[in-house]
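*Asks:* Have a look at the structure that comes next, please.
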Amino acid sequence: MSSPSDMNTGDVVELAAKEAAQQDVPDHHVTDVALKPAFFDWLCRMGDTTLILGHRTSEWCGHGPALEEDIAQANIALDLIGHTQMWLGLAAEVEDEGRTADTLAYLRDAMKFRNLLLVELPKGDMAVTIMRQFLFDAWHHDYLGKLTGSSSPRVAEIAAKALKEVTYHLERSSDLVVRLGDGTDASRRRMQDALELLWPYTGEMFVSDEVDRAIAEAGIAPLVEDLHADWTETVTEILKEATLELPSGTAYAQKGGRTGRHTEHLGFVLAEMQFLQRAYPGASW
Amino acid sequence: MTTTLPSVDQVWGWLAEVPDPEIPVISVTDLGIVREVFFEGDTLVVAVTPTYSGCPAMAVIDIDIQSHLATKGLHSVRLDRRLSPPWTTDWITEEAREKLRDYGIAPPIDGTAGTDVMAARAARMSGTSNLVVSCPRCGSAATEKVSQFGSTPCKAAYRCTDCLEPFDYFKCI
Ligand SMILES: [Zn+2]
């Protein structure tokens, strides 16, 4: 029997290395071989989207226009990275080839990333950052809400956890869209410009492909088309309150991120995010 | 070789001595993040749920629990991460709410986390997100929100317009 004095530095280091194991919630989807390629891809779409937006959001750390906004951005980034650990952690488990959330995040190249194009665009000014967050949050909030009823208990529990946090994200971003839109001439102009810039990238959130259809058939997630009506209602309502004008729907919808065809911006994000693990494999501190 | 294992109640008592790394006046059991404690053979299993999914304190909490139990002679300990049901501030004990207030942090408003009060859009539209958060220093209800996000993800930044002090509010989730 060890006594307290046996607890030395070596023990602490060893303890630190033991990460809490994910409790096994029975879920037949996780081991369904036929579903594996689609499920893995879909989980990467979720995890890569929160990862890249989390990274973009964290770029404000130390650069925010006011201390409170700086802290808020960093906190939201933290939430999104937390969601990434859950989504990519489950993706690695489904893939079952020895990869982890970390290796998926740090050791894949751009063409293997499955995030929405909307989230990889540069952070721009605060107007672009807030408007993007709002357009994304309105979609994210509804999607997670639907996913809490997923036929996959593992997906449902991640969604239920994330939804609580995203509720606060949406509250903040919609608040700021109204305050900046219905603000000064300069803030209104910037918000309207941001909206015009980002609008063509919102269409991708509502276009299903064969991966989505396989996932919907398994009852894991709804088809994203089904989110469009509610999203449009939320966005229209908030933009109206913000005195901003909804862009006409005729703009060509940019898409491709969810199948690995990205803008030139993603490579720069990955260069910064992955450098350390690429240059010093396995580095930790 | 036979070893006498401590009772599960005894372990809960030890866990109540492990402080939260960011708010050391309350323990991990006060916070309600320890969900279950049981033995699997000789191995003690402690199921912990995260407060926020990206909370950096979780890794520290895991180490603190392991280290503290090791000082009690428990070396075969496994920590399980339990996501469901997701943590809610409604699980913070009554005593812990008092301790938070004494420490200068306004505790979450009782029971609101489980209701639709915090459903963002509905709350914004009806204006019901303006819950009254009393100043932990002077008790005044004349307070205003400075930011939805404070020093950590779990807190919002507030200020008291009577005593003029800024303070953290442990927001409902
Ligand atoms: Zn006061």
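The values are calculated or read from the model by the stated rules, or taken from the named source; none is laboratory data. In this text, all values refer to a predicted model and were calculated from it rather than measured experimentally. Don't worry about glycine lacking a Cβ; one is built from the backbone with ideal geometry, like all the others, and counts go over all protein chains shown. Heavy atoms of the whole protein, side chains included, go into the accessibility calculation; ligands, DNA and RNA do not. Shrake-Rupley method; radii C 1.70, N 1.55, O 1.52, S 1.80 Å.
*Asks:* How many residues are assigned to a strand (DSSP E or B) and not hydrophobic (A, V, I, L, M, F, W, C) when one looks only at the stretch B:45-79?
*Replies:* The qualifying residues number 1.
*Asks:* Please work out if B:T43 is of a type outside the set (D, E, K, R) and touching a Leu at 6+ places or on another chain (Cβ under 8 Å).
*Replies:* When the stated conditions are applied, B:T43 does not pass them.
*Asks:* Is it true that some residue in the stretch A:86-101 is closer than 24 Å to B:G150 by Cβ and buried (at least 22 other Cβ atoms within 10 Å of the Cβ)?
*Replies:* Yes; the residues of the stretch A:86-101 include at least one that is closer than 24 Å to B:G150 by Cβ and buried (at least 22 other Cβ atoms within 10 Å of the Cβ).
*Asks:* Further question: Give me a count of the residues in the stretch A:217-231 that are assigned to a helix (DSSP H, G or I) and more than 20 Å from the chain's Cα centre (by Cα).
*Replies:* 2
*Asks:* The conditions are (1) modelled with pLDDT of 95 or more; (2) exposed (fewer than 15 other Cβ atoms within 10 Å of the Cβ), and A:P281 fails exactly one of them. Which is it?
*Replies:* The number of the failed condition is (1).
*Asks:* How about the stretch A:110-142: which of its residues are surrounded by fewer than 17 Cβ atoms within 10 Å (Cβ to Cβ) and under 17 Å from A:M46 (Cα atoms)?
*Replies:* Hits for the stretch A:110-142 are A:M111, A:K112.
*Asks:* Which of the residues that make up the stretch B:35-62 are out of contact with any Pro (no Cβ under 6 Å at 6 or more places or on another chain), crowded, with 19+ Cβ neighbours inside 10 Å and either aromatic (F, W, Y) or within 8 Å of chain A (Cβ to nearest Cβ) (or both)?
*Replies:* Of everything in the stretch B:35-62, those that are out of contact with any Pro (no Cβ under 6 Å at 6 or more places or on another chain), crowded, with 19+ Cβ neighbours inside 10 Å and either aromatic (F, W, Y) or within 8 Å of chain A (Cβ to nearest Cβ) (or both) turn out to be B:V48, B:P50, B:S53, B:G54, B:C55, B:D62.
*Asks:* Further question: Name the single residue, out of those in the stretch B:142-155 being within 16 Å of the ligand (Cβ to nearest atom) and of a type in the set (A, V, I, L, M, F, W, C), that is modelled with the lowest pLDDT.
*Replies:* Per the criteria, the residue is B:V146.
*Asks:* Does the stretch A:111-166 hold any residues that are without any contact (Cβ under 8 Å) to a residue 60 or more places away in the chain and assigned to a helix (DSSP H, G or I), and which are they?
*Replies:* A:D137, A:H140, A:H141, A:L144, A:G145, A:A156, A:A159, A:A160, A:L163, A:K164
Each row is one residue, and each column tells you yes or no for (1) open to solvent by less than 30 Å² (accessible area, probe 1.4 Å); (2) closer than 29 Å to A:I238 by Cβ; (3) modelled with pLDDT of 85 or more.
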site: B:E95; (1), (2), (3): no, no, yes
site: B:E98; (1), (2), (3): no, no, yes
site: B:I105; (1), (2), (3): yes, no, yes
site: B:G111; (1), (2), (3): no, yes, no
site: B:R124; (1), (2), (3): no, yes, no
site: B:T128; (1), (2), (3): no, yes, no
site: B:C135; (1), (2), (3): yes, no, yes
site: B:S140; (1), (2), (3): yes, no, yes
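*Asks:* Take the residues in the stretch B:78-93 that are of a type in the set (V, I, T) and more than 9 Å from chain A (Cβ to nearest Cβ); name whichever of them is most open to solvent (accessible area, probe 1.4 Å).
*Replies:* Top of the filtered list is B:T93.
*Asks:* Every residue in the stretch A:51-81 that is in contact (Cβ under 8 Å) with a residue 60 or more places away in the chain, buried (at least 23 other Cβ atoms within 10 Å of the Cβ) and not acidic (D, E), please.
*Replies:* Result: A:L51, A:I52, A:L53, A:R56, A:T57, A:A72, A:I76.
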